[in-house]
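Asks: Quick one: structure below, then a few questions.
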Amino acid sequence: MEIVLSKADLHVHTTASDGTASAREVLAHVAQHTDLRVIAITDHDTIAGAREAQRIANAYGIEVIVGEEVSTRDGHLLALFLEEELPPGRSLSETAAAARAQGALVVAPHPFGYLVRSVGRTGAFGLGLRAERLWVGLVDAVETWNAGLWSSRTNARAARLAAAWGLPAVGGSDAHHLPTLGLGYTLFPGRTPADLRQALLCGRTRAAGALWGVRHSAEAGALIAWRGLSRRQIRAEQICATTRADRAKPVTSTIEPGGPTGAR
Ligand SMILES: [Zn+2]
Ligand SMILES: [Zn+2]
């Protein structure tokens, strides 16, 4: 019997966190420009974008897994197949336990990435290594291909670790803008999120892809910075408008009849 292999990008950001494309724009791009069958929306500390994507995915012929990239005290952690949002700021073990309690699977994203908070790293800029025994047993899979990393050496290190510990491999683009969608992906037997989940539990996934490269890194960085700037500009204008509105209000005196010296 022929085994059908499908592609899933399991690490995607939208405008619900620091991505630059909405859930709808992500789905439209994936449908038109990639051969991905499944994507996981994994915004930082929110599942709002993932829920929105899952709600409208049917129209695009794509299946969506609700995920979250949680900012734990020990680095980023991907939770896939979530029902409820997980709060940031807890330890890795607390977050992993809370994810599993609702049936989610837990993945270590970019575990050896520098400059981003990663579970395999410690210290300023992630220059130190955290002992494997402190985090490997807490995850169900390792992201062995993250397309957003600057060097494939950190991915190779993650792949060696996953092989040594017998953990399934996961690939994702870590896309923050449309052109990088699908640059990292997970190959799995079957077609659906349920097939993918089963493949992860049985260790039958493969991770592959390319890196963003200098051009996409520069584009994504510029777009994210522009979005931050626009948000600050909008906030500043809102504050300004509120102040102007306050100034325009008629001044009502709080001084009682009899004047300020009219104490009784
Ligand atoms: Zn991350
Ligand atoms: Zn990410």
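The values are calculated or read from the model by the stated rules, or taken from the named source; none is laboratory data. All values derive from a computational prediction rather than experimental measurement. Note that we place each Cβ from the backbone using ideal geometry, even for glycine, and neighbour counts take in every protein chain shown.
Asks: Read through the list (1) more than 16 Å from ligand 2 (Cβ to nearest atom); (2) at pLDDT 90 or above, then give the number of the only condition that His110 fails.
Replies: Result: His110 passes all but (1).
Asks: Would you check if Arg51 is under 16 Å from the mean Cα position of the chain (by Cα), in a helix (DSSP H, G or I) and surrounded by fewer than 20 Cβ atoms within 10 Å (Cβ to Cβ)?
Replies: Answer is yes for this residue.
Asks: Being within 22 Å of Ala16 (Cβ to Cβ) and more than 16 Å from the chain's Cα centre (by Cα) is true for just one of Ala98, Ala156, Ala164. Which residue is that?
Replies: Answer to the check: Ala98.
Asks: On to the next question. Determine the pairs where a residue that is closer than 21 Å to Ala162 by Cβ and modelled with pLDDT of 90 or more, located within segment 118-135, has a partner that is assigned to a loop (DSSP other than H, G, I, E, B) and among the basic types (Lys, Arg) with Cβ atoms under 8 Å apart, the partner being 6 or more residues away or on another chain.
Replies: Short answer, once both residue conditions are applied: Val119/Arg130; Gly120/Arg130; Arg121/Arg130; Thr122/Arg130.
Residue by residue, here is whether (1) closer than 16 Å to Ile224 by Cα; (2) crowded, with 18+ Cβ neighbours inside 10 Å; (3) touching a residue at least 12 places away in the same chain (Cβ under 8 Å) holds:
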| position | (1), (2), (3) |
| --- | --- |
| Ile3 | no, no, yes |
| Ala8 | no, yes, yes |
| His11 | no, yes, yes |
| Asp18 | yes, no, yes |
| Ala21 | yes, yes, yes |
| Val26 | yes, yes, yes |
| Ala40 | no, yes, yes |
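Asks: Hey, does segment 87-94 have a residue that's modelled with pLDDT of 95 or more, within 29 Å of Ala28 (Cα to Cα), in contact with a strand residue (DSSP E or B) (Cβ under 7 Å, 6 or more places away or on another chain) and among the small types (Gly, Ala, Ser)?
Replies: There is no residue in segment 87-94 that is modelled with pLDDT of 95 or more, within 29 Å of Ala28 (Cα to Cα), in contact with a strand residue (DSSP E or B) (Cβ under 7 Å, 6 or more places away or on another chain) and among the small types (Gly, Ala, Ser).
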